[in-house]
1. For the stretch B:250-262, take each phi angle, set θ = phi - 60°, evaluate the Karplus expression 6.51 cos²θ - 1.76 cosθ + 1.60, and give the result in whole Hz per residue in order, putting x for glycine and proline.
2. Rank the residues A:TRP34, A:TRP7, A:TRP53 as a footprinting-exposure proxy: fewest other Cβ atoms within 10 Å of their Cβ go first.
3. Over chain B, what is the mean sequence separation of C-alpha contacts under 8 Å (at least six apart), divided by residue count, expressed as relative contact order in percent?
4. Check which residues have an amide H placed less than 5 Å from B:ALA171's amide H, if you skip close sequence neighbours.
5. Taking +1 at the Cβ of each Lys and Arg and -1 at the Cβ of each Asp and Glu, which of A:TRP34, A:THR178, A:TYR79 sits farthest along the dipole of chain A towards its positive end, judged by Cα position relative to the Cα centre?
6. Run the dipole for the stretch A:7-227 about the Cα centre, Lys and Arg Cβ at +1, Asp and Glu Cβ at -1, nothing else charged, and hand back the magnitude in debye, nearest 20.
7. Which chymotrypsin sites (Phe, Trp or Tyr not before Pro) from the stretch B:198-287 combine a DSSP loop assignment with at most 15 other Cβ atoms within 10 Å?
8. How large is ³J(HN,Hα) for each residue in the stretch B:179-191, as worked out from phi by the Karplus curve 6.51 cos²θ - 1.76 cosθ + 1.60 (θ = phi - 60°), to whole Hz, x for Gly and Pro?
Amino acid sequence: MNYKFNWSVLWTGESGQWLLSGLITTLELSVAAWLLAVALGIISGALRTVRVWPLRAAATFYVEFFRNVPLLVWMFFWYFAVPPLLPQGIQDFLFAHGLEFWAAVCALGVYSGARFSEVLRSGIQSIPKTQLEASVASGLTTFQAYRYVILPVALRIIIPPGTNESLNLLKNSSVALTISVAELTFQTRQIETYTAKAIEALTAGTLIYLVLCVSIATLMSWVERRTAIPGLIVGGRQRR
Amino acid sequence: MRRLMGFVMALALLVAGMSPALAQQKSTLDKISETGTLTIGTRTGSPPFGYVNSKNEWVGFSIDLVEELIKPALEKKLGKPIKVEKKESTPPTRIPLLSSSAVDLIAETMTDTRARRESVDFSLTFFVTGAQFLVKKGSPIKGIKNIDGKRIAAQQGSTNARIIREKAPKAVLREFPDQPAAFQALVQGQADAYTNDGIQLAGLKAKSPNPAQWDIVGDFFSYEPYGMAMRKGESDFRAVVNAGLMEGIESGKFFEIYEKWFGPSGELPYPMSPQVRSFMLLQVVPK
């Protein structure tokens, strides 16, 4: 191949600093979006299983509307289509205070929340109906039954698919570069701009994403083991 | 953990194993001769260099230079007819497209820079421009001197963003992957100005729904000579590309194509200054 590799572009000049700031932005964006996504996911996932149909319908609408439109469209929606709906004063304030970051948080959080919601619903529906009935019979209200019995169990059951969605969220955060958020993928392209060494820059970005995702997966599998309910799950993780 | 290490090792071996195969690549001229095709990377949204026009045809100044000057030179050299195939390239993808042999020649709006010359080779310069700003009429921004604290949209991967960062570190840069998104940000006020090469701003302004609403301001704050990029170390191929351009400049064909796109009745009127004309002529070496 005529391409000459020059890995030193990754640690000479400002490259290291850019990768670091990109990594920090990616983490900030992902954590903020994750919190939003989990909150929305828990609320709408729980509402999709209740008996009151208007609540169920509202949650179903949220899930189907937001998960069935591409994330890229949501990015443009929150960045380009929402601000003009707001009063001029708020618009100017947002434009001057990092609108793109918060637009990306909303886009990613609301979109991933719809996906989390389905994961949680499947968790709740895997719990025998008798659990809810027993909780209500013992004097809890429906809300209390969800809060103290159903959700704590469901959230433990869904750790593996939940981890999946969290990793997806982290990787999807790279779409934010389309609305000028300077996250990790953006910074790897920046290195390419300055050094014309695209393959090296992309490799660095790939490795950082890989390390991040593997660390999260490892952490989550530890959480999964710690919070497992003995006897609830058939063939749980074997101890080594 | 051990299994993970094994996986990483396997991946490393796979990559290492691929390299020798890539090393034995044939030269670009042989590739073009064998396939009968010259594959170029060009733009779809940079009028008038490479864009899709209202009749849905993929045309432009850079594309014409390839079709009318470089293609005949290649056919003469190889002694057989070839066809030109177009693929889309953008600032972040153009060098990888070349290195991976997906395209043989980048013919769009790529500025020849010294850093890029370490990765690719460039042809003669075929267009000269410099960076300016596009602003709403009546904007206080008059040039690079007074953009401190202002939100400046730029195209990611372009040389302009880099120069803003160096010359006006207090400006707030907002970089977008393509021109339409950056322009949209300017239209809605997310950005106060959009910077790009003057000629591209002129193209954007002319194509916008209401051209009178926009102003192109400031002196050129950078020098942007456009060249066509090729894989490094392909001097035979580069000689043919340059010969094609030189013959075109010498015979006047180059200036005819320029007139077609930038002349008074062209897509984007932009008369060639006498300095640029003599610069073009001076690039031509004797037969």
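1. 5, 7, x, 4, 4, 6, 5, 5, 4, 4, 4, 9, 10
2. Least to most surrounded, the residues fall as A:TRP53, A:TRP7, A:TRP34.
3. In percent, rounded to a whole number, it is 23.
4. Under 5 Å from the amide H of B:ALA171: B:GLY149.
5. Checked the options; the winner is A:TRP34.
6. Dipole magnitude for the stretch A:7-227 comes out near 900 debye.
7. Filter output for the stretch B:198-287: B:PHE220, B:TYR223.
8. So the J values, rounded to whole Hz, are 5, x, 5, 5, 5, 4, 5, 5, 4, 8, x, 4, 10.
Values quoted throughout were computed directly from the atomic coordinates according to the rules given, and no laboratory measurement underlies them. Quick caveat, the model's predicted, so the values are computed rather than measured. Positions of Cβ are backbone-derived with ideal geometry, glycine not excepted, and every protein chain shown enters the neighbour counts.
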